[in-house]
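Okay, structure first, notes after.
The values are calculated or read from the model by the stated rules, or taken from the named source; none is laboratory data. It should be emphasised that the depicted structure is a prediction, and the values quoted were computed from it without experimental measurement. Positions of Cβ are backbone-derived with ideal geometry, glycine not excepted, and every protein chain shown enters the neighbour counts. Surface areas here come from the heavy atoms of the whole protein model, side chains and all, with no ligands, DNA or RNA. Shrake-Rupley method; radii C 1.70, N 1.55, O 1.52, S 1.80 Å.
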Amino acid sequence: MKAYASFPEWKKDQSPKNIRLIGALTRVIETAAPHLVKAVKWGQGCWVDEGEPKVFIHAASDHVQFGFYSGSALKDPKHLLVGDAKYVRHVKVRTPRDIDPPAFAALVVEACGL
């Protein structure tokens, strides 16, 4: 796994398509939870609250994962989250049309409350 010194360095290393998706998702996160701090953990973009990771973006070759470290505990009324890990869940985002700002923001706010 490649190490990055900062979030901007990590973002710059992604594909142009993923950079656009990461920018749009970052705006959703920062609007919903401006207190979160950007970081890079485990080779992916991450937002932390008092040192505790809450939200992540994992960049794959053909999509990004908009994810939550406590995703299995989220209510997810629109059934957007996928994954079968004990805690982590994510939404696969392939195009800007896959981003549902109100639904994604609600998940961010809920994740911050856990």
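Computed quantities for the displayed model
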{"quantity": "Residues located in the stretch 63-81, provided they are open to solvent by less than 70 Å² (accessible area, probe 1.4 Å) and in contact with a helix residue (DSSP H, G or I) (Cβ under 9 Å, 6 or more places away or on another chain)", "calculated": "63, 64, 66, 68, 69, 70, 71, 73, 74, 76, 80, 81"}
{"quantity": "All positions within the stretch 12-27 that are open to solvent by less than 60 Å² (accessible area, probe 1.4 Å) and either under 15 Å from the mean Cα position of the chain (by Cα) or closer than 24 Å to residue 112 by Cβ (or both)", "calculated": "14, 18, 19, 21, 22, 23, 24, 25, 26"}
{"quantity": "Positions within the stretch 91-109 being farther than 12 Å from residue 28 by Cβ and open to solvent by less than 50 Å² (accessible area, probe 1.4 Å), in sequence order", "calculated": "95"}
{"quantity": "Members of the stretch 28-65 found to be in contact with an Asp or Glu (Cβ under 9 Å, 6 or more places away or on another chain) and aromatic (Phe, Trp, Tyr), listed by number", "calculated": "47"}
{"quantity": "Criterion (out of contact with any Lys or Arg (no Cβ under 7 Å at 6 or more places or on another chain) and within 19 Å of residue 102 (Cβ to Cβ)) met by exactly one of 36, 25", "calculated": "25"}
{"quantity": "Subset of the stretch 28-62 (residues that are open to solvent by 60 Å² or more (accessible area, probe 1.4 Å) and aromatic (Phe, Trp, Tyr))", "calculated": "42"}
{"quantity": "Among (1) part of a strand (DSSP E or B); (2) touching a residue at least 40 places away in the same chain (Cβ under 8 Å); (3) of a type outside the set (Val, Ile, Thr), the one test that residue 1 misses", "calculated": "(1)"}
